[in-house]
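S.K.: Here you go, one structure.
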Amino acid sequence: SRPDLGINALRAGSWLVQRLDEGLAATFDKVDHLYDLPRSTFEPTAHRAGVPNVNTIPPEDVFCFDCRVLPHYSLDSVLAFIDAQCRRVDGTYGTTTEMLVRNRQDAPPPTLTDAPVVELLSRAIREVRGVEPTTVGIGGMTVASPFREKGFAAAVWMTSAQTAHQVNEVCAIADMVADAQVFAHVFMDGV
């Protein structure tokens, strides 16, 4: 083979991964302590082998990023930044870079911390469970998202063993009963 006759897609892809890894975090760097993770994250994750052996210049390079973006930013602005870096790598290496968005979920406007539903739920948690709730955004899609998309203020709450989406996920019956008592209190508030 003649390495000098081809474009090394791995080299170009590595250059692009580096620029995205550094540039996304530096450009979309707001911090909001309302969220459990107070900043956006941009993580290179999967990478596919370009060739099955070690002595061939790879003609393509495929990699993925997981981007979790605070709602302060539009996903269009993040994608525009990525596209600009793709065009930059093409100009530098003579490649043709294609971006594919596998999953996109634009965040609806967040529920305000002083919204009536938040105050009502917080009061019920205090009175039924005897704990002081904390208002936190998780920066991801929740069961409240479709309601917020329709313009409703919505809040999500539950007692959790912190095992969701993991091996041996559990939910204690006592926690479900206590949560039901909180929700009953919410529905009966003011009656």
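S.K.: Does Asp21 qualify as being closer than 17 Å to Arg87 by Cα and either modelled with pLDDT of 95 or more or not in a helix (DSSP H, G or I) (or both)? Write out each step before concluding.
M.R.: Numbers: closer than 17 Å to Arg87 by Cα: yes; either modelled with pLDDT of 95 or more or not in a helix (DSSP H, G or I) (or both): yes.
So Asp21 passes the test.
S.K.: Considering only residues that are touching a Lys or Arg at 6+ places or on another chain (Cβ under 8 Å) and touching a residue at least 24 places away in the same chain (Cβ under 8 Å), look in region 109-141 and name the one that is nearest to Met188 (Cα to Cα). Walk me through it before giving the result.
M.R.: Keep residues of region 109-141 that are touching a Lys or Arg at 6+ places or on another chain (Cβ under 8 Å), which gives 109-111, 132-133, 139-140.
Among the residues that remain, those that are also touching a residue at least 24 places away in the same chain (Cβ under 8 Å) are: 109-111, 133, 139-140.
On the way: Pro109: 28, Pro110: 26, Thr111: 22, Pro133: 19, Gly139: 30, Gly140: 30 Å.
The selected residue is Pro133.
S.K.: Can you tell me which residue is farthest from Ala9 (Cα to Cα) among those in region 53-71 that are β-branched (Val, Ile, Thr) and in contact with a strand residue (DSSP E or B) (Cβ under 9 Å, 6 or more places away or on another chain)? Walk me through how you get there before you give the answer.
M.R.: Taking region 53-71 as the starting set, the residues that turn out to be β-branched (Val, Ile, Thr) are 54, 56-57, 62, 69.
Still in the list and also in contact with a strand residue (DSSP E or B) (Cβ under 9 Å, 6 or more places away or on another chain): 62, 69.
Details: Val62: 9, Val69: 28 Å.
Here the answer is Val69.
Rundown of residues vs (1) assigned to a loop (DSSP other than H, G, I, E, B); (2) surrounded by 12 or more Cβ atoms within 10 Å (Cβ to Cβ); (3) without any contact (Cβ under 8 Å) to a residue 40 or more places away in the chain, yes/no style:
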residue	(1), (2), (3)
Gln166	yes, no, yes
Cys171	yes, yes, yes
Asp175	no, yes, yes
Phe187	no, no, yes
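S.K.: Are any of the residues in region 52-61 in a helix (DSSP H, G or I) and among the aliphatic types (A, V, I, L, M)? Walk me through how you get there before you give the answer.
M.R.: Taking region 52-61 first, the residues in a helix (DSSP H, G or I) are none.
So far as region 52-61 goes, no, none of its residues is in a helix (DSSP H, G or I) and among the aliphatic types (A, V, I, L, M).
S.K.: Scan region 18-72 for residues that are of a type in the set (Gly, Ala, Ser), closer than 15 Å to Met99 by Cβ, surrounded by 14 or more Cβ atoms within 10 Å (Cβ to Cβ) and in contact with a Cys (Cβ under 9 Å, 6 or more places away or on another chain) and jot them down.
M.R.: Restricting attention to region 18-72, the residues satisfying the condition of being of a type in the set (Gly, Ala, Ser) are 23, 25-26, 40, 46, 49-50.
From the residues that got through so far, the ones that are closer than 15 Å to Met99 by Cβ too are 23, 46.
Subset that is surrounded by 14 or more Cβ atoms within 10 Å (Cβ to Cβ): 23.
Answer for region 18-72, where residues must be of a type in the set (Gly, Ala, Ser), closer than 15 Å to Met99 by Cβ, surrounded by 14 or more Cβ atoms within 10 Å (Cβ to Cβ) and in contact with a Cys (Cβ under 9 Å, 6 or more places away or on another chain): there is none.
S.K.: Follow-up. Determine if region 32-42 includes at least one residue that is under 28 Å from Pro109 (Cα atoms) and in contact with a His (Cβ under 8 Å, 6 or more places away or on another chain). Talk me through it step by step, then tell me what you get.
M.R.: Start the filter on region 32-42 by keeping residues that are under 28 Å from Pro109 (Cα atoms), which leaves 32-42.
Remaining after also requiring in contact with a His (Cβ under 8 Å, 6 or more places away or on another chain): 32.
The answer is yes; a qualifying residue exists.
S.K.: Hey, could you check region 31-48 for residues that are outside any loop (DSSP other than H, G, I, E, B) and in contact with a Phe, Trp or Tyr (Cβ under 8 Å, 6 or more places away or on another chain) and say which is nearest to Ser74 (Cα to Cα)? Give the steps one after another, and end with the answer.
M.R.: Applying the first criterion (outside any loop (DSSP other than H, G, I, E, B)) to region 31-48 yields 31, 35, 39, 41-48.
This time we only want the ones that are in contact with a Phe, Trp or Tyr (Cβ under 8 Å, 6 or more places away or on another chain), so: 42-48.
Details: Phe42: 14, Glu43: 18, Pro44: 20, Thr45: 22, Ala46: 24, His47: 26, Arg48: 29 Å.
This residue is Phe42.
S.K.: Right, next: For region 63-83, enumerate the residues that are without any contact (Cβ under 8 Å) to a residue 40 or more places away in the chain, more than 16 Å from the chain's Cα centre (by Cα) and assigned to a strand (DSSP E or B).
M.R.: Listed by number, the list is empty, since nothing qualifies.
S.K.: While we're looking at this one, here's another question. Examine region 119-130 for a residue that is in contact with a strand residue (DSSP E or B) (Cβ under 9 Å, 6 or more places away or on another chain) and not assigned by TED's automatic domain parsing to the domain that holds Ala12, and state whether such a residue exists.
M.R.: No, that holds for no residue.
S.K.: Quick check, is Val128 more than 24 Å from the chain's Cα centre (by Cα) and assigned to a helix (DSSP H, G or I)?
M.R.: Numbers: more than 24 Å from the chain's Cα centre (by Cα): yes; assigned to a helix (DSSP H, G or I): yes.
It is true that Val128 is more than 24 Å from the chain's Cα centre (by Cα) and assigned to a helix (DSSP H, G or I).
S.K.: For region 96-128, enumerate the residues that are under 30 Å from Cys64 (Cβ atoms), of a type in the set (A, V, I, L, M, F, W, C) and surrounded by fewer than 18 Cβ atoms within 10 Å (Cβ to Cβ). Talk me through it step by step, then tell me what you get.
M.R.: So the first thing to find is which residues in region 96-128 are under 30 Å from Cys64 (Cβ atoms), and the list is 96-110.
Still in the running and of a type in the set (A, V, I, L, M, F, W, C): 99-101, 107.
Correct list: Met99, Leu100, Val101.
S.K.: Output the residues belonging to region 138-160 that are modelled with pLDDT under 90 and assigned to a loop (DSSP other than H, G, I, E, B).
M.R.: Matches in region 138-160: Ile138, Gly139, Gly140, Met141, Thr142, Val143, Ala144, Val156, Trp157, Met158, Ser160.
The values are calculated or read from the model by the stated rules, or taken from the named source; none is laboratory data. Bear in mind the structure is a predicted one, so any value in this text is a computation, not a measurement. Heads up, the Cβs are rebuilt from the backbone with ideal geometry, glycines too, and the neighbour counts pull from every protein chain shown.
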